[in-house]
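A.B. asks: Right, I'll just put the structure down here and ask away after.
The values are calculated or read from the model by the stated rules, or taken from the named source; none is laboratory data. Values in this document were obtained by computation on a predicted structure and should not be read as measured data. Every residue, glycine as well, gets a Cβ built from its backbone with ideal geometry; the counts of neighbours run over all protein chains shown. Heads up: the accessible areas ignore ligands, DNA and RNA and are worked out on the full protein's heavy atoms, side chains in. Shrake-Rupley method; radii C 1.70, N 1.55, O 1.52, S 1.80 Å.
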Amino acid sequence: MIWGPLLRTYQNRYAAFLARTVIHKTAPADFFLKFMSKQKNPLGTAAYALTFDFDFEKDIDAFPYLLDTLKKHDIQAGFAVIGKFVEKYPDIHKRAVDDGHEIINHSYTHPDNPHWAPDRYFNKLTYAEQKDEIEKAHEIYHNILGIDPIGFRTPHYGNLHTESVYPILAELGYKYSSSTAACGYKGFGAPSIHSHGITEIPTGCSLNFPLAIFDSWNMLRKDNPFLGDDDLFVDEFKKTIKVVSEHCLFLTHYFDPYDIVENNKLERIISCLKKTGIETIRYCDLF
Ligand SMILES: [Zn+2]
C-alpha cells in the first residue's frame, strides 16, 4: 500500500530535479522573466527587500559591521532573529531596532540550532511546541526590544516549514510568513495571501537559477553553482537586479550575515541596489 505514494513522491522529486536541471542549463533567464512576470507586484514599481537570518554565533559576530554598513548607505532591512540570541545579546539587537530595521520572528531556539536545540526539527515539533517556540520568541522581542513583530520565518524553511504555523501566526495577530521558496510557491516571487489571513512572502531566486533559492549558502556552499566564487555570486546578483528593475518586479532574498560580510559582498550588493535606484523596502512596509 505504501509503495504507491512513495513512488509518486520519488517520481515527483525526480521530475522536479530533472526540470530544474534542464531549465538551468538551457533558458534560465527566459524562464525567470516569464515566471516573475506572472506576479502581482504589491508596489507597482521595482522593489527589493533585503533580509538576513541570524542562526549562529558567527552571525552575531558579523552584526556590528552589518549594521554599520547598512547605516552608511541608509538601507533598512529585515532581520530574522532567534529569541535566545536576543536574550544573550540584547544591546546589538536594540541597536538594529533603533536603526529602523525590522525584526522577524525566527523562533525561540531555532530547532536544530547546534547551540540549544541540536536534535529538534521544526517540522517534527507538535503544534503546541511550535506555538511555544513562536510565542516565547515574541514575548522576548516585546519585553527586551519593546517591539511586536508582525512576521515569522520558519527555521530552515523549505521542508521544515509546516502549514500549522499559519493558524498560530493568525492567533498572534501576525501579518505574514516568509518561509517558502519563490520557485515552488504560487506568488511567483511576490507576496500573496496563504491561509488564515496570513500573507506568504516567498524568498527569491536569481536570473540564471530561477528554480533555486538565491542565498549565500545555497549558491556558494551547498551543491553550488559558484564553487565559493564570490565574484560570480555578486555578478549573478547584479544581473538579476537589472532585470527586476527593468521589468518593475518585486524580489526578496535572505543572506547569512557571517558569509555576506566577507570579501565585500555586502558592499557590492548595496552598491548595485543604489546604482539601479531600485526601491528597497522592509516586509512590514507592505502592510
Ligand atoms: Zn535560520
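A.B. asks: To check you understand DSSP bridge types, tell me what percent of the beta bridges within the chain (both residues inside) are antiparallel, rounded to 5.
C.D. replies: Among the beta bridges of the chain, antiparallel pairing accounts for roughly 15 percent.
A.B. asks: Please compute the volume of the convex hull spanned by the alpha-carbon atoms of the stretch 142-230 and report it per residue in Å³. Walk me through the numbers on the way to the answer.
C.D. replies: Numbers: hull volume 10.9 nm³, N = 89.
Value for the stretch 142-230: 123 Å³ per residue.
A.B. asks: Now for a separate question. Calculate the translational D of the stretch 84-228 in whole µm² s⁻¹ from Stokes-Einstein, where the hydrodynamic radius comes from the Kirkwood formula applied to all Cα pairs, the temperature is 20 °C and the viscosity 1.002 mPa s.
C.D. replies: Values: Rh = 16.2 Å.
After rounding, the answer is 132 µm²/s.
A.B. asks: Ok, one more. Mind ranking 244-253, 134-143 by how tightly packed they are, going by the mean number of other C-beta atoms within 10 angstrom, highest first?
C.D. replies: 244-253, 134-143
A.B. asks: Please compute the per residue accessible area over the stretch 70-156 with all protein chains in place, 1.4 Å probe, rounded to a whole number of Å². Write out the running numbers ahead of the final one.
C.D. replies: Working: 3720 Å² over 87 residues.
Per residue, the stretch 70-156 has 43 Å² of solvent-accessible surface.
A.B. asks: Round to a whole number: what % of the accessible area of the chain belongs to carbon and sulfur, probe 1.4 Å? Show your work: numbers first, answer last.
C.D. replies: On the way: 7070 of 13050 Å².
Heavy-atom surface of the chain belonging to carbon and sulfur, 1.4 Å probe: 54 percent.
A.B. asks: Please work out the Kirkwood hydrodynamic radius for the chain, using every pair of different C-alpha atoms, and report it in angstroms with one decimal place.
C.D. replies: Values: mean 1/r = 0.0516 Å⁻¹.
Computed over Cα pairs of the chain, the Kirkwood hydrodynamic radius comes out at 19.4 Å.
A.B. asks: What fraction of the Cα pairs in the stretch 1-154, stated in percent, has a spacing above 27 angstrom?
C.D. replies: On the way: 5439 of 11781 pairs.
Roughly 46 percent, once rounded to a whole number.
A.B. asks: Between residue 68 and residue 95, what is the label-to-label distance in nm when each label sits 7 Å out along the Cα-to-Cβ direction?
C.D. replies: Rounded to a tenth, the inter-label distance reads 0.9 nm.
A.B. asks: So what is the 222 nm mean residue ellipticity for the chain from helices alone, if each DSSP H run of at least 4 adds -39500 (n - 2.57) and you divide by all residues, rounding to the nearest 500 deg cm²/dmol? Could the numbers behind the result be given before it?
C.D. replies: Details: 10 runs with 117 residues, N = 287.
Rounded to the nearest 500, the figure is -12500 deg cm²/dmol.
A.B. asks: Rank 26, 109, 162 by mean-square fluctuation in a GNM of the chain with C-alpha springs under 10 angstrom and give only the top-ranked residue.
C.D. replies: 26
A.B. asks: Also, quick follow-up: If you take all C-alpha pairs in the stretch 17-92, what percent of them are over 18 Å apart? Write down the numbers at each step before the final one.
C.D. replies: Numbers: 1747 of 2850 pairs.
Tail of P(r) above 18 Å: 61 percent of Cα pairs.
A.B. asks: Using a Gaussian network model on the chain with a 10 Å cutoff between Cα atoms, which of 152, 85, 226 fluctuates the most?
C.D. replies: Per the Cα network of the chain with a 10 Å cutoff, 226 tops the list.
A.B. asks: Still on this model: Dipole size in debye (nearest 20) for the chain around its Cα centre, Lys and Arg Cβ +1, Asp and Glu Cβ -1? Each step should come with its number before you reach the end.
C.D. replies: Details: 31 positive and 38 negative charges, 218 e Å.
Taking the Cα centre of the chain as origin, the dipole is about 1040 debye.
A.B. asks: What is the projected area of the convex hull of the Cα atoms of the stretch 53-95, averaged over all directions, in nm²?
C.D. replies: Values: hull surface 11.3 nm².
Result: 2.8 nm².
A.B. asks: Express in whole angstrom the spacing between the alpha-carbon centres of the stretch 82-159 and the stretch 188-258.
C.D. replies: The two parts, judged by their Cα centres, are 23 Å apart.
A.B. asks: Under a straight-distance cross-link criterion of Cα-Cα below 16 Å, which lysines are reachable from residue 94, leaving out those fewer than 8 residues away in the same chain?
C.D. replies: Result set, ordered by chain and number: 71, 84.
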